[in-house]
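Below: the structure, in structure tokens.
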């Protein structure tokens, strides 16, 4: 067997995911290349991705979408895919910027994580989905706080300088 065969199979799976050629219930294995989803997905982890329609995704789901010429795996932290032009706010669990994502741009949902030791962690049972929604809420809270923290610091400095006199 060719030593490059696993990489070739993964590349073919990526291509089929991007092209929408996966059959219902079929999954592909991808390797995590960055730490944006730490601690859930460490660099080098293998993830199992199933093709889904973006309008079936919910807040808390870990999804795959295309950004420029690469595939990105992030968590949906706010929004809804129900409307015809549904949208989500997505962000990695680790340090990463948030961004908006159209539901139609979602290529797939992560359904399992394959650990190096052979253990498989499924992400589609009720307890795991509840935990995912809780993680999404925490990520949304951190994102909103980061948006408000800088203006709040400016106001505090302004008040400390004694700029409270009215005209």
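No lab work stands behind these numbers, since they all come straight from the coordinates. Keep in mind that what you see is a predicted model, and the values were worked out from it rather than measured. When we count neighbours, we look across all protein chains shown, and the Cβ atoms used for this are built from the backbone with ideal geometry, even at glycine.
One table, with the values for the structure above:
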| read-out | value |
| --- | --- |
| Ranking of 10, 48 by count of other Cβ atoms within 10 Å, fewest first | 10, 48 |
| Cα long-axis angle, helix 5-19 against the chain (0 to 90 degrees, to the nearest 10) | 60 degrees |
| Inter-label distance, nm, simple model (7 Å from Cα along the C-beta direction), residue 122/residue 163 | 5.8 nm |
| Cα gyration tensor shape for the stretch 10-89, rounded if a/c is under 1.5, else prolate or oblate | oblate |
| Least to most buried among 36, 139 (fewest other Cβ within 10 Å first) | 36, 139 |
| For the stretch 116-136 versus the stretch 1-51, the gap between their alpha-carbon centres in whole angstrom | 18 Å |
| Along principal axes, Cα extents of the stretch 5-159, largest first, whole Å | 63, 39, 34 |
| Linear extension gain, residue 66 paired with residue 10, 0.36 nm per residue minus alpha-carbon span | 18.6 nm |
| Sorted by Cβ neighbour density within 10 Å, fewest at the top, the residues 140, 41 | 140, 41 |
